[in-house]
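What follows is a short report on a single structure.
The values are calculated or read from the model by the stated rules, or taken from the named source; none is laboratory data. Since we're looking at a predicted model, the values are computed, not measured. No Cβ is skipped: glycine too gets one built from the backbone with ideal geometry, and neighbour counts run over all protein chains shown.
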Amino acid sequence: MTKIRFHLIAAAAVLCASAASAQAPAKLKVGLMLPYTGTYASLGTAIENGFRMYVAEQGNKLGGREIEFVKVDDESDPSKATDNVNKLIKRDNVDVLIGTVHSGVAMAMAKVAKDTGTLMIVPNAGADAVTGAMCAPNIFRSSFSNWQPGYAMGEVVAKKGHKKVVTITWKYAAGDESVRGFKEAFEKGGGKVVKELSVPFPNVEFQALLTEIAATKPDAVYTFFAGGGAVKFVKDYAAAGLKKSIPLYGAGFITDGTLEAQGNDAEGLLTTLHYADALGTPRDNSFRLAYAKNYKLQPDVYAVQGYDAAQMLGIGLTAVKGDTSKKAEFAAALHKAKIDSPRGPFTISKFNNPVQDIYLRQVSGKENKLISIASKSLTDPGRGCRM
Ligand code: BEZ
């Protein structure tokens, strides 16, 4: 080959490559705002793992666009949330926000997302307001509202015939709303919440309150804690001798992703949640196998929610062919979708929250085993939502 011919071929190849890259749509920037430190650190990691696993299964593209991640550790600190989310939107120019775990942080994110019109999918935080009073057509949730597992457990505990219950939780939106959901159903079913106890988030000094529970002698206790705080609470409840005398019920976060650390102190606990271990469906089996292979860990509810946040983003983006400015079409696609989740299929309500089965589960060894469906297709009432 002559030198001139070689140069001509090389030049043509460069032209072709640059023409192809000119046509490729820009990467879609996904801002992951999650806790990577503190009591909810493992929840943030599980959400990211699940999200990335779904994206990888789709060949690293959603709606025809390659995905690029920008990450921020929100530390579950509401006082830093507005700055953190503004950095993602204004400095990093993210197209979509995925976050977060803590309800207080999520509400600050939702305010900015609503004001700027940025697409947002919440992969955990249950703050009722996010799909209630603060709802917006560009804000969706792949997880639950705090009301949902609480309400389902209120029905279960009332049906068991308990009459007098003490509640104990962290004093912030998630704990308050979980207890409110529980109380609504429990009192409708004939019971009475006689005392509402709380500690500030993320404190784990439970001793004085456990003494108060022992002195009150309720028929049962209802609780919301999660992550590191859930591990400590379950261990302290057993160490105080209460597990033998006063049955403990909770929103499922009290035993999800925590059983390894809680050991025998969690054995037998009954909880309500939109996921359980070993559901035994082909969809869940293949998800669990793939997750364990990728991360050398068993998945939990947080991993499922992360995975489903990516599925929801994929459904919306496919409908708009990757164009995130088409917000109404994006939302319409999600409102008519049936999301093929490892938890079982679910739909998205007109308030943008999952309509889903809430399971009654019982701890057996290292698993939250399915007992029954506590509440079929439970829809959050979306109180205060005007869209
Ligand atoms: C919340 O803050 O909404 C939350 C945190 C951990 C588990 C469940 C809910």
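If I ask for residues that are surrounded by fewer than 17 Cβ atoms within 10 Å (Cβ to Cβ) and part of a helix (DSSP H, G or I), which ones from the range 243-287 would you list?
Selection gives LYS244, SER245, GLU260, ALA261, GLY263, ASN264, PRO282, ARG283, ASN285, SER286.
If only one of LEU32, LEU28, LEU43 is farther than 21 Å from SER341 by Cα and among the aliphatic types (A, V, I, L, M), which one is it?
Checking each option against the conditions leaves just LEU28.
In the range 354-385, how many residues are touching a Leu at 6+ places or on another chain (Cβ under 9 Å) and closer than 14 Å to LEU269 by Cα?
Residues that pass the stated criteria total 11.
Test of understanding: among ILE98, ILE89, which residue is more than 18 Å from PRO35 (Cβ to Cβ) and at pLDDT 95 or above?
The match here is ILE89.
Regarding GLU205, is this residue away from the ligand (no atom under 16 Å from the Cβ), free of Cβ contacts under 8 Å to residues at least 24 places away in the same chain and not in a helix (DSSP H, G or I)? Step through it out loud before you land on a result.
Numbers: away from the ligand (no atom under 16 Å from the Cβ): yes; free of Cβ contacts under 8 Å to residues at least 24 places away in the same chain: yes; not in a helix (DSSP H, G or I): yes.
Criteria met by GLU205.
Just checking, which of ALA278, ALA290 is at pLDDT below 95 and either over 18 Å from LYS171 (Cα atoms) or of a type outside the set (Phe, Trp, Tyr) (or both)?
Within the list ALA278, ALA290, the selection yields ALA278.
Output the qualifying pairs, or none if there are none: Cβ atoms under 8 angstrom, residues six or more apart or on different chains, first residue in the range 313-332 and on the phi > 0 side of the Ramachandran plot, second residue part of a loop (DSSP other than H, G, I, E, B).
LYS321/GLY63; LYS321/GLY64; GLY322/PRO25; GLY322/GLY63; GLY322/GLY64
All but one of (1) in contact with a helix residue (DSSP H, G or I) (Cβ under 6 Å, 6 or more places away or on another chain); (2) in a helix (DSSP H, G or I); (3) assigned by TED's automatic domain parsing to the domain that holds ALA46 hold for PRO299; state the number of the condition that does not hold.
Only one criterion is unmet by PRO299, namely (2).
Exactly one condition in (1) out of contact with any Phe, Trp or Tyr (no Cβ under 7 Å at 6 or more places or on another chain); (2) in contact (Cβ under 8 Å) with a residue 24 or more places away in the chain is not met by ASP115; state its number.
If we test ASP115 against (1) out of contact with any Phe, Trp or Tyr (no Cβ under 7 Å at 6 or more places or on another chain); (2) in contact (Cβ under 8 Å) with a residue 24 or more places away in the chain, just (2) comes out false.
Of the residues ALA251, ALA230, only one is in contact with a Pro (Cβ under 6 Å, 6 or more places away or on another chain), at pLDDT 95 or above and closer than 24 Å to ALA158 by Cβ; which? Explain how you work it out, then say what you get.
Working: ALA230 fails: in contact with a Pro (Cβ under 6 Å, 6 or more places away or on another chain).
After applying the criteria, what remains is ALA251.
Please specify each residue of the range 210-242 satisfying the condition of being more than 16 Å from the ligand (Cβ to nearest atom) and either among the acidic types (Asp, Glu) or within 28 Å of the chain's Cα centre (by Cα) (or both).
From the range 210-242, those more than 16 Å from the ligand (Cβ to nearest atom) are 210-221, 235-242; that's our starting set.
Passing the criteria: GLU212, ASP219, ALA220, VAL221, LYS235, ASP236, TYR237, ALA238.
Residues are listed down the side, and each one gets a yes or a no for (1) surrounded by fewer than 16 Cβ atoms within 10 Å (Cβ to Cβ); (2) outside the structural domain of GLY252 (by TED's automatic domain parsing); (3) within 24 Å of GLY31 (Cβ to Cβ):
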position	(1), (2), (3)
TYR307	no, yes, yes
LYS321	yes, yes, yes
ALA337	no, yes, yes
ASP357	no, yes, no
LYS366	yes, yes, no
LEU370	no, yes, no
MET387	yes, yes, yes
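Would you point out the residue of the range 103-145, among those that are basic (Lys, Arg) and surrounded by fewer than 24 Cβ atoms within 10 Å (Cβ to Cβ), that is farthest from the ligand (Cβ to nearest atom)? Steps first, please.
So the first thing to find is which residues in the range 103-145 are basic (Lys, Arg), and the list is 111, 114, 141.
Still in the list and also surrounded by fewer than 24 Cβ atoms within 10 Å (Cβ to Cβ): 111, 114.
Details: LYS111: 16, LYS114: 18 Å.
Among them, the one singled out is LYS114.
All but one of (1) touching a Phe, Trp or Tyr at 6+ places or on another chain (Cβ under 7 Å); (2) part of a loop (DSSP other than H, G, I, E, B) hold for VAL304; state the number of the condition that does not hold.
The single condition VAL304 does not satisfy is (2).
From (1) more than 12 Å from the ligand (Cβ to nearest atom); (2) assigned to a helix (DSSP H, G or I); (3) in contact with a Leu (Cβ under 9 Å, 6 or more places away or on another chain), pick out the condition that doesn't hold for GLN148.
(1)
Give the residues of the range 161-202 that are more than 16 Å from the ligand (Cβ to nearest atom), in contact with a strand residue (DSSP E or B) (Cβ under 8 Å, 6 or more places away or on another chain) and in a loop (DSSP other than H, G, I, E, B), sorted by residue number.
The answer is HIS162, LYS163, GLY191.
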